[in-house]
Structures are given as C-alpha cells and as structure tokens.
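Read the structure below first, then the notes.
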Amino acid sequence: MGNKIKIGIIICDRYRTCAGGKCFRALQNREGAFEQYKKDEDVELVGYTNCGGCPGGNIEYAPEEMKKNGAMVIHFATGFVVGYSPCPYIDHFKKFIEEKYKMKVVVGTHPIPEKYKITHAAMGTWDAPEWEKRIKPTIADKKTRLDYN
C-alpha cells in the first residue's frame, strides 16, 4: 500500500444539513469522482464543510484548515453541479484554491443521481462544453445513477 491520500470535501451551503451519506458511500466504493483512487489506496477524509453560502465566504478559509490536517485534494460535492441552478462560482472557487493553497481541486464526489440528470437534460443546463468537463467525473452509468437516486 502506498502513501495515504488525504482529502477534504466542500459542499454547497444549500445542502448544509447534508450528513454526507452519498459522498461517504461513493468514497468507500470508489464511485463517481472517487474512481480516480484505486480500491487499495488508503484515502482519508480530513475535512468536511460547506462553502459558507453565496458567494462562498468559507472557500477562503476552509481549505487552509484542511491543508493543516494534511489534505492534498479538495473535492467539491456533487451538489455544486446538480443544484437548481448549479453553483455559478465553481470555476472561480477551483482557481482560487488551486492558486492560493496549491491544492488539487476535483469537481464532484458521488455519482450524479439519475433524477438530476433527467431534469438537467430537459432544462439544457449542462449543454455547454464547459459543463461536459465539470460533470464528467460524476456522470457514471445509468445503473449507478439510479443507485444514487
């Protein structure tokens, strides 16, 4: 087994009462954006918080605390892309954290639930090319999306 990979998760403030069940399950099962970690890699969650509400007041401080706890990667929870409407600050937050804290940022945690894919497809939310890149780590196959409904 290699070195331990320490990660932090930041969720959208709209979901501030979320207990993290889908994120934690996806991390354990290496699904969604957590597929990038091999099953035998030791991955430890060292921080879990919300963004602080629009326009992301906690984004300035939370990564620093997570980094002090050893985090090397920050994951923005899937709620950032599936919310109605998706977070308009994703790219800004990502760039800020990568620049200020020199940490990798991944957009997504658990696979996108099928019910959200259907709604966003009907609305055309993710039709722009930049959205293809943002949702790629979490789009998964239909069976997996249904498992996360």
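Which pairs do you get when a residue that is under 11 Å from ALA26 (Cβ atoms), found in region 132-149, comes within reach of a residue that is open to solvent by 90 Å² or more (accessible area, probe 1.4 Å) and assigned to a helix (DSSP H, G or I), reach meaning Cβ atoms under 8 angstrom, with the pair 6+ apart or on two chains?
Hits for this filter: PRO137/GLU35.
Just wondering, is there one or more residues in region 31-54 that are small (Gly, Ala, Ser), within 15 Å of the chain's Cα centre (by Cα), outside any helix (DSSP H, G or I) and under 21 Å from ALA140 (Cα atoms)?
So far as region 31-54 goes, no, none of its residues is small (Gly, Ala, Ser), within 15 Å of the chain's Cα centre (by Cα), outside any helix (DSSP H, G or I) and under 21 Å from ALA140 (Cα atoms).
Provide a single number: the residues in region 132-149 that are surrounded by fewer than 20 Cβ atoms within 10 Å (Cβ to Cβ) and more than 14 Å from the chain's Cα centre (by Cα).
Here the count works out to 8.
Is it true that some residue in region 63-73 is farther than 28 Å from ARG145 by Cβ, assigned to a helix (DSSP H, G or I), of a type outside the set (S, T, N, Q) and touching a Ser or Thr at 6+ places or on another chain (Cβ under 6 Å)?
No, region 63-73 has no match at all.
Quick one: what pairs do we get from region 22-43, first residue in contact (Cβ under 8 Å) with a residue 60 or more places away in the chain, second of a type in the set (S, T, N, Q) and open to solvent by 10 Å² or more (accessible area, probe 1.4 Å), C-beta under 7 Å, 6+ apart or different chains?
Matching pairs, first to second residue: GLU31/THR144.
The values are calculated or read from the model by the stated rules, or taken from the named source; none is laboratory data. A quick note: this is a predicted structure, and the numbers were derived from the prediction, not measured. Don't worry about glycine lacking a Cβ; one is built from the backbone with ideal geometry, like all the others, and counts go over all protein chains shown. Remember, those area values only see protein heavy atoms, side chains included, never the ligands or the DNA or RNA. Shrake-Rupley method; radii C 1.70, N 1.55, O 1.52, S 1.80 Å.
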